[in-house]
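> Take a look at the following structure, please.
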Amino acid sequence: MDLNHFATQLHALLTAAYSKPVTLNLMPGIDEAETQGAGNEFMESIVEEICSYPQIDALTIWTRQVEALAEEKAVVSLVIEIRSKQPAAIQPRTKSMRELSVRLQAVGGVLHLLPASGRGMRYELIFPARVVQRAAGGGGETILLVEDEDFLRKVTAEVLQNCGYRVLAAKDAGAAFELFTSNGRVDLLLADVMLPGESGTDLARRLSESQPRLNIILMSGYSAFEGQEPRQAAIAYLQKPFSVESLLNKIQEVLEPSILPGTAQLEAARPATLRR
């Protein structure tokens, strides 16, 4: 399970449940967490536990990784810190906490429950790290990334930069066109279909007029790109949500179609699944 994506989903759920701010801090490049397919069950237990508190004034969620030492295995962890102005309100809920502990033990993990500095409680869910085979990275090719959601644009750009690509990031078609015209050759356009104003499809068409051999990948969270115009042979498509492997493999397919993706292990792990 991609722990950064899991933490992002948890952040969205808890932000919707509380009027107070929920802070999210993701550690880039962590390995996946071994959950044996029980990601949904972990999510249910965590949400049940956190939402059972009568008063929460602040929530912080973050991820981290501890590298293997000697014979030990690397682990990744999800940390949730709860703060309240009423200390009596910060008491762990036995049933859901027990479920979390049992589920973690089943996958070889452990739950740590500690008082947070000040008035609060800190949950740390520690999972065994699962190293996956990842596609090889790039060789300095320039990718024009167009994504209107700030968080997704930032994380995707970080993924690509860590993999050896040069990234030009824009939040809309207008900004993308300016980057395209002022930065010389672009090797690949990676654009969301649904953008404010001009769509990713229209942007791709416009840039192709200036650079006919431009490589293009369009992304969308809509099932099978429903409602979009028929697919064009010269354009590759990537369905959201997608993993780092899927993203890098698709880029390799487009930039270097003769190379079979997924055969080399990437040195640095990167944040995975991204979705609108």
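> Once phi is turned into θ = phi - 60°, what whole-Hz ³J(HN,Hα) does the Karplus curve with 6.51, -1.76 and 1.60 give for every residue of the stretch 172-183, x standing for Gly and Pro?
With the stated coefficients, the stretch 172-183 comes to 8, 5, x, 5, 5, 5, 5, 5, 5, 7, 9, 10 Hz.
> Can I ask one more? Considering the Cα positions of the stretch 1-81, please state its Rg to one decimal place and its Dmax as a whole number of Å.
Just the Cα atoms of the stretch 1-81 yield Rg and Dmax of 13.6, 45 Å.
> Given R₀ = 41 Å, FRET efficiency for Val66-Tyr222 by Cβ-Cβ distance, to 0.05?
It comes to 0.60.
> Estimate the FRET efficiency between Thr181 and Glu256 by the formula 1/(1 + (r/R0)^6), using the beta-carbon distance for r and 30 Å for R0, to the nearest 0.05.
0.70
> Would you list, by chain and number, the lysines whose Cα falls below 26 Å from the Cα of Lys250, excluding same-chain residues fewer than 8 positions away?
Lys154, Lys171, Lys240
> Tell me which aspartates and glutamates have Cα within less than 16 Å of Lys20's Cα, excluding those fewer than 8 residues away on the same chain?
Asp57, Glu81
> Could you tally the net charge around Met1, taking each other residue with its Cβ under 9 Å from the Cβ of Met1, Lys/Arg +1 and Asp/Glu -1?
Summing Lys and Arg as +1 and Asp and Glu as -1 gives -2.
> In the stretch 3-130, what percentage of the DSSP-assigned beta bridges are antiparallel, given to the nearest 5?
If we restrict to bridges inside the stretch 3-130, about 85 percent are antiparallel.
> Can you classify the stretch 142-255 as rounded, prolate or oblate using the Cα gyration tensor, where a ≥ b ≥ c are the square roots of its eigenvalues, rounded means a/c under 1.5, and otherwise it's prolate if a/b beats b/c and oblate if not?
It is rounded, given that a/c, with a ≥ b ≥ c, falls under 1.5.
> Moving to a separate point now. Whole-Hz ³J(HN,Hα) for each residue in the stretch 10-16, computed from phi via Karplus 6.51 cos²θ - 1.76 cosθ + 1.60 with θ = phi - 60°, x for glycine and proline: what do you get?
Whole-Hz 3J(HN,Hα) from phi for the stretch 10-16: 4, 4, 5, 5, 6, 5, 5.
> Could you work out the relative contact order of the stretch 142-255? I mean the mean sequence separation of Cα pairs under 8 Å and 6+ apart, divided by the number of residues, in percent.
For the stretch 142-255, the relative contact order is 23 percent.
> In addition: If amide H atoms are built 1.01 Å from N in the plane of the peptide, which residues on other chains or at least 5 residues away come under 5 Å of the amide H of Tyr237?
The list, which skips near neighbours in sequence, is Leu218.
> Right, something else. Please list, ordered by chain and number, the residues whose modelled amide H lies under 5 Å from the amide H of Ala58; skip anything fewer than 5 residues away on the same chain.
Here the answer is Arg83, since their amide H atoms fall under 5 Å of that of Ala58.
Readers should treat all values here as calculations from the given coordinates under stated rules, not as data from a laboratory. The structure presented is a predicted model; accordingly, all values stated were derived computationally and were not measured. We place every Cβ from the backbone using ideal geometry, glycine too, and count neighbours over all the protein chains shown.
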